[in-house]
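Participant: The following block contains the structure, expressed as structure tokens.
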Amino acid sequence: DGRSKVVSLDLASSVNTTLALMKSMLVDECAVTFEAFGPEDEPQAKAESDICHDVFYGHLGGEMHLQHAIKDALLSRQAWIAFDVEDRDGENMITVRSPASENMAYQAAFEGELNDIRFLAELIPYSRSDLIELGFPKDRVDKLPDRSSEQWNSASQQRNIRVNTYSGPPGERDGDIVEVWLCYILIDLDGDGIAERHRVWYNNDVILGHEPFDIVPYAMGTPFISPHRLNGESLHDRLKQVQDTNTSLQRQLIDNVATINNGRYIYDPSKVSEADILKPVAGGGIRARDPNAVLPLVVQDVTGGIMAALEFFRRKRGEIGGASTDMGEASAQLMQKSATQASIDKANSELMTNLIASTLGQTLIKQTFKLMRYFLRTYSTTQYPANINGQVVPIDPLEWGEYRVCKVLAGKSPGEKAQEAMALGQHLQLQMAAMQSGMQGQLADANTLYKTQLQYLKLNGVKDAEMFIIDPKSPQAQQAAQQAAQQAQQMQQMQAQMAEMQLMLEKSKVQE
């Protein structure tokens, strides 16, 4: 009591700013493609990539699911994306969600592809009505303890569960929340010595049901890998100690300032108003029968040292968590250094953020799109339009091949974009100088200028950059080039005629 209770927000700041960068690098600008088996297969591979992208982001709201998963990973080491399929009036509906990492359980010390894991499970809150709609017998469902029951001693009760309990109107239990483990397990049920994958619904030592299932429909990613482990590291693991230190320093700073402002006194309670001592008022006096009954204590001012320590740990936070932890660092660099050097330094300081984006891209994003393709190829009941050789044709995912290599390339960080844009701006000036000095077609031409300007605009955040520059290969540009060539030819003919007339005049003068 009476001490500062402030908590430093280093971790929250780091996670939110990193998430802001990750949205651009892993959602808006992340390139996910399925590789073609040869030149003749490239249109089909591109069509599959486009359909998976459109369905995941357009139909299934994949952007928000990825943001939830990425923030989970930054806080708790793991990001999860789950796929499933539902039968709705004879149509298969693919569903996507982002499970909470604290609700996942899996085989310890597992190493390898997630689809090879022996056991993986998710704790899911269902209402009794939901379980009956899934086809489980009502008498068995009614016997299951709900989450508020004393019989149900689940691990989630020891965590801050994310779904509140709803019991419904009195006398009705259909709204009771029942926690069920949805398990994916390799087990030999037919005794042939070969383990097959099964999906099992399990609650409180009761198996509600099970069915064969080909794969583990989960994608998992982590910000920092731990070698030979499924689990990795999070920003929380790296910054928790810094945050605790900063919290302690900030509390000491506030306590020190409060003590200096309010003062500490030795006093005789029989001669002094104790209320004035214990509850000081700015500018207020201390009522006392004897002025000598109050003796102030000298409190050392240590705010300068604490501020220096906070600045030290702020830099430490940037080193550990990456440049994303200090979005204002770039402005400080620009004030002290040239724009070029500041851009280079910012790109270097964002290496940690780039590493997180690359790791999540090669784990979470790649597995997500491989599962997206699998579910479309296995369960789709809809044809999707795609561009094949310049024509829009309907594509049936059920006709896709079984396997394709998935390639993921994360987008660039703001520092990388600034550095590349600056280099392209300088290169654009060199290209124009080369063309003006007679090197057109040797060092630069209209096509290279177009590509340079287009990439420069995109790196500077200009959307639909193609609208602001003409492609030299477009019909409009070709027509303009032909007109320019015709005008140049006419000018040459006129100059030749003028020269011929001048020569005739000179000859007539000689004859005269």
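The values are calculated or read from the model by the stated rules, or taken from the named source; none is laboratory data. Note that this is a predicted model, so its numbers are computed, not measured. FYI the Cβ positions are ideal-geometry reconstructions off the backbone, even for glycines, and counts take in every protein chain you see. For accessibility, only protein heavy atoms count, side chains too; no ligands or nucleic acids. Shrake-Rupley method; radii C 1.70, N 1.55, O 1.52, S 1.80 Å.
Participant: Any chance the range 443-451 includes a residue that's at negative phi, of a type outside the set (A, V, I, L, M, F, W, C), out of contact with any helix residue (DSSP H, G or I) (no Cβ under 7 Å at 6 or more places or on another chain) and surrounded by 16 or more Cβ atoms within 10 Å (Cβ to Cβ)?
Facilitator: yes
Participant: When you go through (1) within 31 Å of the chain's Cα centre (by Cα); (2) open to solvent by 60 Å² or more (accessible area, probe 1.4 Å) one by one for Met439, which number turns out not to apply?
Facilitator: Every listed condition holds for Met439 apart from (1).
Participant: Sticking with this structure for a sec: Of (1) open to solvent by less than 70 Å² (accessible area, probe 1.4 Å); (2) modelled with pLDDT of 50 or more; (3) in a loop (DSSP other than H, G, I, E, B), Ser148 satisfies all except one. Which?
Facilitator: Every condition holds for Ser148 apart from (1).
Participant: Of the residues that make up the range 260-275, is at least one on the phi < 0 side of the Ramachandran plot, in contact (Cβ under 8 Å) with a residue 40 or more places away in the chain and surrounded by 14 or more Cβ atoms within 10 Å (Cβ to Cβ)?
Facilitator: yes
Participant: While we're looking at this one, here's another question. Does the range 62-81 contain at least one residue that is open to solvent by 20 Å² or more (accessible area, probe 1.4 Å), without any contact (Cβ under 8 Å) to a residue 12 or more places away in the chain and not aliphatic (A, V, I, L, M)?
Facilitator: Checked against the condition, which is being open to solvent by 20 Å² or more (accessible area, probe 1.4 Å), without any contact (Cβ under 8 Å) to a residue 12 or more places away in the chain and not aliphatic (A, V, I, L, M), the range 62-81 yields no hits at all.
Participant: List every residue pair whose Cβ atoms lie under 9 Å apart, where the two residues are 6 or more positions apart in sequence or sit on different chains, the first residue falls within the range 185-209 and is in a loop (DSSP other than H, G, I, E, B), and the second residue, located anywhere, is polar (S, T, N, Q) and surrounded by 14 or more Cβ atoms within 10 Å (Cβ to Cβ).
Facilitator: From the range 185-209, the pairs are Asn204/Ser154.
Participant: Okay, moving on. Pairs only if they're at least six apart or on different chains, beta carbon under 8 angstrom, first in the range 100-119 and under 16 Å from Arg197 (Cα atoms), second of a type in the set (Lys, Arg); list them, first residue then second.
Facilitator: The qualifying pairs are Gln107/Arg118.
Participant: Those residues that are assigned to a loop (DSSP other than H, G, I, E, B), among the small types (Gly, Ala, Ser) and closer than 19 Å to Met422 by Cβ, I need them from the range 432-475; list them, please.
Facilitator: Gly461
Participant: Filter the range 111-145 down to residues that are open to solvent by 10 Å² or more (accessible area, probe 1.4 Å), in a loop (DSSP other than H, G, I, E, B) and of a type in the set (A, V, I, L, M), then give me how many there are.
Facilitator: Residues in the range 111-145 being open to solvent by 10 Å² or more (accessible area, probe 1.4 Å), in a loop (DSSP other than H, G, I, E, B) and of a type in the set (A, V, I, L, M): 1 in total.
Participant: Select from the range 388-402 the residues that are part of a strand (DSSP E or B) and either touching a residue at least 40 places away in the same chain (Cβ under 8 Å) or of a type in the set (Lys, Arg) (or both) and list them in ascending order.
Facilitator: Residues satisfying the conditions are Ile388, Ile395.
Participant: Could you grab me the full set of residues in the range 359-393 that are open to solvent by 50 Å² or more (accessible area, probe 1.4 Å) and at pLDDT below 90?
Facilitator: Within the range 359-393, Thr381, Thr382, Gln383, Pro385, Asn387, Asn389, Gly390, Gln391, Val392 qualify.
Participant: Go through the residues of the range 156-173 one by one and say whether even a single one is modelled with pLDDT of 85 or more, at negative phi and assigned to a loop (DSSP other than H, G, I, E, B).
Facilitator: Within the range 156-173, not a single residue is modelled with pLDDT of 85 or more, at negative phi and assigned to a loop (DSSP other than H, G, I, E, B).
Participant: Go through (1) without any contact (Cβ under 8 Å) to a residue 24 or more places away in the chain; (2) assigned to a helix (DSSP H, G or I); (3) open to solvent by less than 60 Å² (accessible area, probe 1.4 Å) for Gln241 and report which single condition fails.
Facilitator: The failed condition is (3).
Participant: Right, something else. Name the residue, out of Ala20, Ala12, that is within 21 Å of the chain's Cα centre (by Cα) and open to solvent by 60 Å² or more (accessible area, probe 1.4 Å).
Facilitator: On inspection, the qualifying residue turns out to be Ala20.
Participant: Continuing with this model, one more query. Any chance the range 35-58 includes a residue that's modelled with pLDDT under 90, open to solvent by 50 Å² or more (accessible area, probe 1.4 Å), hydrophobic (A, V, I, L, M, F, W, C) and farther than 19 Å from Leu371 by Cβ?
Facilitator: no
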